[in-house]
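Down below is the structure, laid out as structure tokens.
The values are calculated or read from the model by the stated rules, or taken from the named source; none is laboratory data. Everything numeric here is computed off the predicted structure, so don't read it as measured data. Counting neighbours? That spans all protein chains shown, and the Cβs are built from the backbone with ideal geometry, glycine included. Ligands, DNA and RNA are excluded from the accessible area calculation, which covers all protein heavy atoms including side chains. Shrake-Rupley method; radii C 1.70, N 1.55, O 1.52, S 1.80 Å.
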Amino acid sequence: MTPETQIWPFSYNDLLKNFLNAPEVLQDCVNSYTTGEGKKMVQSIIQIVSQIKFSKVVFIGNTFNHFASFIPRFVFMNSPYALDFTWECIELTEFYDYFLPEDSQDTLYIFISRSGSSRLILKALDHLSLLKIDRNLLWLITNEQNSPVAKKCGQVFHTYVDSELVIGLKSFGNTLFVLYLVSQMLVGTDFNLDTIQKGSFELISELKDFRESWEKSVDQISDFLGYELQYLYFISKDPSSLACAKFAALIAKTYHRKFAEGIALGHFFHGPFQVFERRIEDKSINCMMLVGDREGEESNNTLIRLIDQIKIRAGKVVILCNNPSLSAFYKSDYDVLMINFNSPIIELSPIFETFILQLAFLKIAKKSGLIGK
């Protein structure tokens, strides 16, 4: 590819260098909420949560911020306790066009905006202020604490991301952690900040270990799939990994300029799977399965059956796997590439999955000539 047709203004080395410190950036974020003043802030907000009245929680964001809101959704779905509120994750434009309330409601609004300057969020907050919504019911997750949006919210959660050459490169992972923390605070029961810190630090340690030999795993993925793929499905086994599946499809289209779709496993077998049946000989369609949970043998048996059905039609399947027993089953299957990782907190599995996939598509984009050296 000639310099005139290159898409990216940044070099591969610039992007790689900017991204590889993501584990340290995440560690700074975890530290900021589990020690010192940040820990006191979390404890004070827990007190506020116990005092304010709300029957519904709404998470509002666009693109990767919207995808990140799937994490609290999974935390609430997975809670062993009955919750006294309902929840909803709404894309920002849809919220502004169709969901803005016409009168005061007992709803907790959690906006997610990296820049904190979204025009639609500002207009939505102006509308909510006219309804005299309690500021304690207006929360913001952002990387800019002093942004125009932040000034209109009662509680602001900073994501603590340093500079990133591509928006979302590191802030997606930190946003996932902050949303996990916020959702645990809202659940309330058995909330233990020390346990969250411990599990998060274990995840960060695993990320750093993976980083030491990341090129081997990434080369395995690119060599296994090839560089001529025209369409890629990211299939999520569990609700938390759906956040990564959606974001990964965005990465693939952004970095590699190829069609991609992030989809839940159940949805995949009601539509896309039928397309495979009509294109058995077309190897330009590939699948990556994201398995972030660690369910038992019965669930794995069902998953194995479905993976085998995909494999018959797609030819090859890459599995990013946080499930040791599933990994052991496919250890000797040459049509399945297992990329194993360890996320002690399953709700944070998308952080690890995204770390792997961002590196993979940076490398694929470089080899395809879309990013210069």
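The modelled label-to-label distance between Arg211 and Glu24, using points 7 Å beyond Cα along the C-beta direction, is 0.7 nm.
When only the Cβ of Lys, Arg, Asp and Glu is charged (+1, +1, -1, -1), the dipole of region 60-162 relative to its Cα centre reaches about 340 debye. The string of couplings for region 147-157 from the Karplus curve (6.51, -1.76, 1.60, θ = phi - 60°) is 6, x, 5, 4, 5, 9, 10, x, 10, 10, 10 Hz, one whole number per residue in order, with x for Gly and Pro. Close amide H pairs (under 5 Å, H built 1.01 Å from N) link Lys56 with Thr86, Leu108, residues at least 5 positions away or on another chain. Compared with the direct C-alpha span, the chain from Asn146 to Tyr334 gains 62.4 nm at full extension, assuming 0.36 nm per residue.
Taking the helices alone, the chain has a mean residue ellipticity at 222 nm of -14500 deg cm²/dmol, built from -39,500 (n - 2.57) per DSSP H run of at least 4 residues and averaged over all its residues.
The distance separating the Cα centre of region 314-373 from that of region 11-46 comes to 23 Å. Given a 10 angstrom Cα cut-off, can you work out which residue in Val182, Val166, Val318 is the most mobile in a GNM of the chain? Its mean-square fluctuation being the largest, the pick is Val166.
Per residue, the chain exposes 44 Å² of solvent-accessible protein surface, assessed with a 1.4 angstrom probe and all protein chains in place. Net charge in the neighbourhood of Thr354 (other residues with Cβ under 11 Å of its Cβ; Lys, Arg +1, Asp, Glu -1) is +1. If the chain linking Asn31 and Gln51 were pulled fully straight, counting 0.36 nm for each residue of separation and taking away their Cα-Cα distance, it would gain 4.5 nm. Each Lys and Arg contributes +1 and each Asp and Glu -1, all at the Cβ; summed about the Cα centre of the chain, the dipole is approximately 660 debye. Here's the picture: charge each Lys and Arg Cβ at +1 and each Asp and Glu Cβ at -1 in the chain, and of Thr34, Tyr98, Ile71 the one pushed furthest to the positive end of that dipole is Tyr98.
Proximity of backbone amide H atoms, modeled 1.01 Å from N, is registered between Asn62 and Leu92 at under 5 Å, excluding neighbours fewer than 5 places apart on the same chain. Ranked by the mean number of other Cβ atoms within 10 Å of their residues, highest first, the peptides 343-349, 72-78 fall in the order 343-349, 72-78. Full extension of the segment from Thr189 to Asn136, taken as 0.36 nm per residue of separation minus the current Cα-Cα distance, would add 17.0 nm. For q = 0.10, 0.12, 0.14 Å⁻¹, what log10 I(q)/I(0) does the chain give under the Debye formula with an equal point scatterer on each alpha carbon and no solvent? Computed log10 I(q)/I(0) values: -0.65, -0.92, -1.22. Close amide H partners of Ala264, meaning residues 5 or more places away or on another chain with modelled amide H under 5 Å apart, are Ser236. Applying the Karplus relation 6.51 cos²θ - 1.76 cosθ + 1.60 with θ = phi - 60° to region 306-311 yields 3J(HN,Hα) values of 6, 4, 5, 5, 5, 4 Hz, where x marks Gly and Pro.
Inter-part distance, region 199-278 to region 122-140, computed on C-alpha centroids, equals 37 Å. Residue-wise HN-Hα couplings along region 106-122, as the Karplus relation 6.51 cos²θ - 1.76 cosθ + 1.60 with θ = phi - 60° gives them from phi, are 8, 10, 8, 9, 10, 8, 10, 8, 4, 7, x, 10, 4, 4, 5, 5, 4 Hz; Gly and Pro carry x. Taking the Cα centre of region 24-82 as reference, the dipole from Cβ charges on Lys and Arg (+1) and Asp and Glu (-1) amounts to some 340 debye.
Projecting the Cα positions of Ala243, Leu203, Tyr231 onto the charge dipole of region 189-262 (unit charges on Cβ atoms of Lys, Arg, Asp and Glu, taken about the Cα centre) puts Tyr231 furthest along the positive direction.
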